[in-house]
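Structure record follows, encoded as structure tokens.
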Amino acid sequence: MKSVALEAFPRTTKKRNAVKKLRSAGRIPGVLYGSGQDASGVEIDTKSFEVLVKQSTSGALLVDLACDGKNNLALVKEVQYHPLTGAYLHVDFHSVNENEPVTVFVPVESTGEAVGVKVSGGHLEHVLFRVRVRGLAKDIPDELLVDVSDLDIGHTLHIKDIEVPEGIEILANADNPVYSVAKPRVIIEETPEEGEEGEEGEEGEEGAAGEAAAEGEAKAEGGGDKAEKKEGK
């Protein structure tokens, strides 16, 4: 895991109004702690932190935090957001020693095309999206790539099947599923049969109505003929 440079500034004020003004000025309040040192308040530039987060491809963010003439290797431990706007409210930085192991979450991504998908039309299911790993910060990869090429329909790839760099340990049950290939989904469409009862009924009603109308017209014409004969007499 590569560290990314980030500049921070000492923060002395902790009052609520002062923190609001700090955010309005484009700064995010934070705290730096860990590695045998006392917690200290810091503030960082909002735009710089946004760029750093967007460019990150890992589930963990390791920064080389320069503050007040000192450099600290630190993990972004927690980020607090505004519930409505999503704006950054506070950032926790955990200082780490490059020679001591750390525990972080790393995303799991697939590579290759599963044979069960390519040949049999199956569906690749991503079951576990990230795993917790432990090791030296410099040795932890940004993501764990898993080759799913050999997965056929009904097959599952587990935690124990993931290859990790030397010195890195996955802190999870070895039998937990990560990827699997399911059978293709078949959609059965129901087609209406010819001559359904509803259609026949409608046609029958229309036919009966037509016959009744025709019979009425015939009677009307017959009545008219009789009336003309009487007038002739």
Stick to the Cα atoms of segment 1-118, pair each with every other, and give me the Kirkwood hydrodynamic radius in Å at one decimal.
15.7
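Give, in nm to one decimal, the length gained when the segment between residue 87 and residue 169 is fully stretched (0.36 nm per residue of separation minus the Cα-Cα distance). Present the calculation step by step, with values, prior to reporting the outcome.
Details: separation 82, 0.36 × 82 = 29.52 nm, distance 3.45 nm.
Length difference between fully extended and current span is 26.1 nm.
In percent, what relative contact order does segment 1-96 have, based on Cα pairs under 8 Å that are 6 or more apart in sequence?
33
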Using a 1.4 angstrom probe on heavy atoms only, work out the carbon and sulfur share of the accessible area of segment 1-146 in %.
49
Quick one: order 111, 85 from most to least accessible surface, probe 1.4 Å.
85, 111
Output for segment 111-166: trypsin sites (Lys or Arg not before Pro) sitting in coil per DSSP, at most 16 other Cβ within 10 Å, listed by number, reads 138
My understanding is that a pair violates if its Cα-Cα distance is over 28 Å; which of 77/138; 47/138; 54/118; 14/138; 118/138 do that in this structure?
54/118; 14/138; 118/138
Quick one: which of 122-129, 1-8 comes out on top by average Cβ neighbours within 10 Å, and what's the full order, highest first?
1-8, 122-129
For segment 51-190, which semi-axes, largest first and in whole Å, follow from the square roots of 5 times the eigenvalues of its Cα gyration tensor?
37, 20, 11
Relative contact order for segment 74-151, counting Cα pairs under 8 Å that sit 6 or more residues apart, in percent
32
How much length would be gained if the chain were fully extended between residue 47 and residue 129, taking 0.36 nm per residue of separation minus their Cα-Cα distance, in nm to one decimal?
26.7 nm
Contour minus Cα-Cα span, residue 103 to residue 152, at 0.36 nm per residue, comes to 14.3 nm
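The values are calculated or read from the model by the stated rules, or taken from the named source; none is laboratory data. Keep in mind that this is a model prediction, so the values were computed, not measured. Because the Cβ atoms are built from the backbone with ideal geometry, glycine has one as well, and the counts that use them run over all protein chains shown. Calculation scope for accessible area: heavy atoms of the full protein, side chains included, ligands and nucleic acids excluded. Shrake-Rupley method; radii C 1.70, N 1.55, O 1.52, S 1.80 Å.
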